[in-house]
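For reference, the structure discussed in these notes is given below.
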Amino acid sequence: MADGCGTGMEPPCPGVAAALRRWEQLRRRAAAPWARGMLAVAAGLGLFYLALRVPLRLRDGLAAVTVFLSTLTPKFYFALTVTSSFISGLIFVFEWWHFRKYGTSFIEQVSVSHLRPLIGGVENNPPAPAAFSAGENEANRQNMPECKMWRNPLNLFRGAEYSRYMWVTGKEPLTYYDMNLSAQDHQNFFTCDTDSLRPSDTVMQKAWRERNPQARIKAAYQALELNNDCATAYVLLAEEEATTIADAERYFKQALKAGEMIYRKSQNCHSQSPQHEAQLRRDTNVLVYVKRRLAMCARKLGRIRESVKMMRDLMKEFPLLSMLNIHENLLEALLELQAYADVQAVLAKYDDISLPKSAAICYTAALLKARAVSERFSPETAFKRGLSTAEINAVEAIHRAVEFNPHVPKYLLEMKSLVLPPEHILKRGDSEAVAYAFFHLQHWKRIEGALHLLHCTWEGTFRMIPYPLEKGHLFYPYPSCTETADRELLPTFHEVSVYPQKELPFFIHFTAGLCSFSAMLALLTHQFPELMVVFAKAVLRVLWPVSAPSVLASG
């Protein structure tokens, strides 16, 4: 068996036991009231000694510091300014890198997240959770193409509107890329494999491929000479030759008469062969297109109720053609009638999570929510009493709309000039924002306080939008290719809005200015050392006016 004090089975050594007894006695004496009183008196005397000693030595300390600074050489000042310039440059580079990666200033984020709660501030509420599960979000991200071009549901008439703009301003409102997409649409919608059976359709098949407008119009007249009931020829003339909306409507009425007759014939024999089925699809596309454009003509000519009825009938007759987004035309017409209950009914049907969203859907929903509170909304009152339930719903609706398309608010607030909308749009892009604001700005202006509420909300909302692009709270991630596509869709004289391009935070400007200022001081100190020493001593006289003058004079 080992000796000594090794195991816990044996009694402790005599020396260890004595030390433990002494420590227990000291602990009991320190816990006594008289001992606590003595410790408090000693601490008070120490503080009193420090309080007396520090002021007595403060003057001596200032004098010593001033003497030290007055004996410094220009080399020290140069090294000091170079070092400060280098440190501020490192801070600036780090701030810029953090902003590029996370979209926020590191210093601002630390102050808001950690320092603000310590001084009694309230942290911002986290963004609302997604309206659907992560699995659905991921599925939507995979299913939604990034830069698919959509036909603008509210595109203007080339002859009556786009050409008129070009005659007045001398600027081309449509890009070649946009018109090329329209030519492809016309070939897909208005042609089929059986066109060779009808000479007029053969001519129109060539007409849709023509790049020269006059050649297309000439080909349309040639098709009418071969067949006076060629619906697509009337469509082309209504779109490009008519110089007024009334003339376009007259052509479309002729196209409707011919299109209905051809459609009925195709219905009777569509089951005979695959070629007849293709012909029925083409004739259906022509009929739907003509009816939609007639409804748009009625809307532009002021016959809004008639236009709404035509759109509703069209949606009932062809319910499977929802991809044409006829409901967006209907929403705009109903807003013009101020039929807000009907607008809400349309939104309830089409604002579904499984359908691709649009700026018209999101911002119209936000407009209806804002309408309930905008007239009495005041930022000062809301700050004092907090937001009501209706105001929270309106703010969340604006957040949702801005996250879907962050370009729209600047057009609605008239901070950015509008142009004629293109014939195709990129959803969530600047082209969609132009197309939406061009037709819906008047509806926001009509509701008192709606634009004021948007102005008070959208900038804060913009800062809450997920960043970087991989993140998304309410929608699939923001596409990274919108800028390139919008530049091809929008005219060259329009300044394309770019996102994500957030405003630089204050601390990036501050660190950049500090870095530049300290670098300038370093350069001046290197070039004019004696002059900068005099300048530094003058600064010292301002900072230490008590003892500095006499010491600096001797120095």
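Structural remarks
- Residue within the stretch 231-241 that is more than 14 Å from residue 158 (Cβ to Cβ), modelled with pLDDT of 90 or more and not small (Gly, Ala, Ser) present: yes
- In the set (1) touching a residue at least 24 places away in the same chain (Cβ under 8 Å); (2) under 34 Å from the mean Cα position of the chain (by Cα), residue 341 fails one condition alone, (1).
- Residue match in the stretch 327-336 (condition: more than 18 Å from residue 438 (Cα to Cα) and buried (at least 16 other Cβ atoms within 10 Å of the Cβ)): no
- Test for residue 265: is it closer than 26 Å to residue 313 by Cβ, under 39 Å from the mean Cα position of the chain (by Cα) and open to solvent by 30 Å² or more (accessible area, probe 1.4 Å): no
- Out of 425, 392, 361, 398, one residue alone is open to solvent by 60 Å² or more (accessible area, probe 1.4 Å) and hydrophobic (A, V, I, L, M, F, W, C). It is 392.
- Residue check, residue 295 at pLDDT below 90, open to solvent by less than 40 Å² (accessible area, probe 1.4 Å), within 25 Å of residue 262 (Cα to Cα) and assigned to a helix (DSSP H, G or I): no
- Restricting the stretch 403-418 to residues that are part of a loop (DSSP other than H, G, I, E, B), in contact with a helix residue (DSSP H, G or I) (Cβ under 6 Å, 6 or more places away or on another chain) and among the aliphatic types (A, V, I, L, M) leaves a set whose member that is most open to solvent (accessible area, probe 1.4 Å) is 418.
- Among the residues listed as 413, 420, 441, 387, the single one being among the hydrophobic types (A, V, I, L, M, F, W, C) and modelled with pLDDT under 90: 387
- Search result, residues across the stretch 489-500 that are open to solvent by 80 Å² or more (accessible area, probe 1.4 Å) and either among the hydroxyl-bearing types (Ser, Thr, Tyr) or in contact with a strand residue (DSSP E or B) (Cβ under 9 Å, 6 or more places away or on another chain) (or both): 492
- Subset of the stretch 222-254 [within 24 Å of residue 174 (Cβ to Cβ), of a type in the set (S, T, N, Q) and open to solvent by 20 Å² or more (accessible area, probe 1.4 Å)]: 243, 244
- Residue 278 part of a helix (DSSP H, G or I), small (Gly, Ala, Ser), at pLDDT 90 or above and open to solvent by less than 60 Å² (accessible area, probe 1.4 Å): no
- Being within 26 Å of residue 330 (Cα to Cα) and either part of a helix (DSSP H, G or I) or open to solvent by less than 50 Å² (accessible area, probe 1.4 Å) (or both) is a description that applies to residue 161.
The values are calculated or read from the model by the stated rules, or taken from the named source; none is laboratory data. Bear in mind the structure is a predicted one, so any value in this text is a computation, not a measurement. Neighbour counts are summed over all protein chains in view; Cβ atoms, including those assigned to glycine, are modelled from backbone coordinates with ideal geometry. Please note that ligands, DNA and RNA were not included when accessible areas were found on the heavy atoms of the full protein model with its side chains. Shrake-Rupley method; radii C 1.70, N 1.55, O 1.52, S 1.80 Å.
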